[in-house]
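The values are calculated or read from the model by the stated rules, or taken from the named source; none is laboratory data. Predicted model, so just to flag it, every value in this text is computed and none were measured. For neighbour counting, all protein chains shown are included, and Cβ atoms are generated from backbone atoms with ideal geometry for every residue, glycine included. The accessibility values were calculated without ligands, DNA or RNA, using every heavy atom of the protein model including side chains. Shrake-Rupley method; radii C 1.70, N 1.55, O 1.52, S 1.80 Å.
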Amino acid sequence: MGTLNAILDLIGRTLGEMQAPLQDLAFNSRNAALLAVAALGLTAAVTLLWRSLRGRLPGRTSIVLPAILPRVRRSPLTFVRHAPLVLFLAGLPFFCLALADPYTSLSAKQVSYPGRRIEVIIDASLSMLSPFTGQQLKTQSDTAFSTNMAAAEYFIRTRMRGKYRDLIALEEFGNESYVVTPFTSDYQNLLLSLRMISDVNEWQRFPDQGTIIMKAIDNGVDLFKAFDFLKSSGNIMVIFSDGQDNNVQVGTMTLDQVLNKAVQNHVPVYMIRTAYSRGLYDVIPDTVWKKAIDATGGKFYPAANQETIMQAIKEIDRAATGRVDVREYAVRQPRFARFALMAVLIWTLAIAMQMTLRIFRTFP
């Protein structure tokens, strides 16, 4: 019992010693709480005072609510805002057609070009072996035949360099006349044919040795008729020959009949007579052919050298003006371009409306 009492006394003294510090701690806590409350009150008072002095700011101190209208009238043009979408949809069929790559298997069109229908007639008779020299034209030999071939090529190339799109035919004659190339605008093919018949070895195989110019003219008119060109204007013949021909009648056909046939069908004839160093009427048949050629509406050129030939060709080139109407054909002609262009135009308009006007940016 004595020990227990001693322990209780010790605990009592310890609690007595701790009571004073606890009372001090509780007092300090109450003071701190009062100070915090006072600080919050002061802060609130200062804030209220500052806001009352600052005044009201629109949009910060109040909330704006839209007015609720009793009835909203719908504009009759509200559907216009869908125009870009409608245009986009309208362009889709054209785009699909262009994507399908349509084409026409065969198409034809009538076109008109400046030019003439010209028949080039070249003498290939044995008399063309006569000498003819010069430096202006590129010839294979110093003969009238090579000079005429070079002159014909020079004439065709002169027409090619111009603005014209002629239809040119090539004919070669001796006792008879032969169509080498019918009327064509394929000048490269025409020049190839001319180079082939101008070859000296090929010329040696030519079956005719005589010269009958009237047959060449008559056959030339028939060639225009075969192509149904006689009803059209702009037909001419250009003859390259040495003019060594006195024939004014062959069988029942006379020169006057041939000339009348050319005149009635409006086919003038131009003739370049190539005889080296021999002027007008130095060749006996000149008296026949100058009168005959001039009667067709063309002109007779006595060419004694290559300079005269080139001058005559330039004069014929200046005189051979006009227009030709031709019918052109095309196979597998593509037709997608028009549909693609239509789609691009429609879509461009839709994008422009969408980007420039705000009404078209409202959806739905």
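Screening the candidates A98, A108, A124 for the property of being touching a Phe, Trp or Tyr at 6+ places or on another chain (Cβ under 6 Å) and either among the polar types (S, T, N, Q) or surrounded by fewer than 17 Cβ atoms within 10 Å (Cβ to Cβ) (or both) yields one hit, A108.
Taking the conditions (1) touching a residue at least 40 places away in the same chain (Cβ under 8 Å); (2) open to solvent by 20 Å² or more (accessible area, probe 1.4 Å); (3) among the aliphatic types (A, V, I, L, M) in turn, M160 satisfies each one other than (1). Given G251, G297, G279, which one is farther than 28 Å from T139 by Cβ, small (G, A, S) and exposed (fewer than 14 other Cβ atoms within 10 Å of the Cβ)? Selected residue: G251, the only one of G251, G297, G279 that is farther than 28 Å from T139 by Cβ, small (G, A, S) and exposed (fewer than 14 other Cβ atoms within 10 Å of the Cβ). Taking each residue of the range 212-241 that is closer than 15 Å to Q264 by Cα and looking for partners that are of a type in the set (D, E, K, R) and open to solvent by 50 Å² or more (accessible area, probe 1.4 Å) with beta-carbon atoms closer than 8 Å, six or more apart or interchain, yields D218/K261; V221/K261; S232/D325; G234/R323. Residues in the range 254-269 that are of a type outside the set (A, V, I, L, M, F, W, C) and open to solvent by 30 Å² or more (accessible area, probe 1.4 Å): T254, D256, Q257, N260, K261, Q264, N265, H266. Which of the residues spanning the range 306-328 are under 26 Å from the mean Cα position of the chain (by Cα) and open to solvent by less than 10 Å² (accessible area, probe 1.4 Å)? Once the filter is applied, which keeps residues that are under 26 Å from the mean Cα position of the chain (by Cα) and open to solvent by less than 10 Å² (accessible area, probe 1.4 Å), the range 306-328 yields only V324.
Check whether at least one residue in the range 164-185 is open to solvent by less than 60 Å² (accessible area, probe 1.4 Å), under 22 Å from F300 (Cα atoms), in a helix (DSSP H, G or I) and not hydrophobic (A, V, I, L, M, F, W, C), and report yes or no. Checking the range 164-185: not a single residue is open to solvent by less than 60 Å² (accessible area, probe 1.4 Å), under 22 Å from F300 (Cα atoms), in a helix (DSSP H, G or I) and not hydrophobic (A, V, I, L, M, F, W, C).
Among the residues of the range 200-223, is there at least one that is open to solvent by 10 Å² or more (accessible area, probe 1.4 Å), outside any loop (DSSP other than H, G, I, E, B), modelled with pLDDT under 95 and of a type in the set (F, W, Y)? Yes, the range 200-223 contains a residue that is open to solvent by 10 Å² or more (accessible area, probe 1.4 Å), outside any loop (DSSP other than H, G, I, E, B), modelled with pLDDT under 95 and of a type in the set (F, W, Y).
If I ask for residues that are small (G, A, S) and touching a Gly at 6+ places or on another chain (Cβ under 7 Å), which ones from the range 316-349 would you list?
G322, A343
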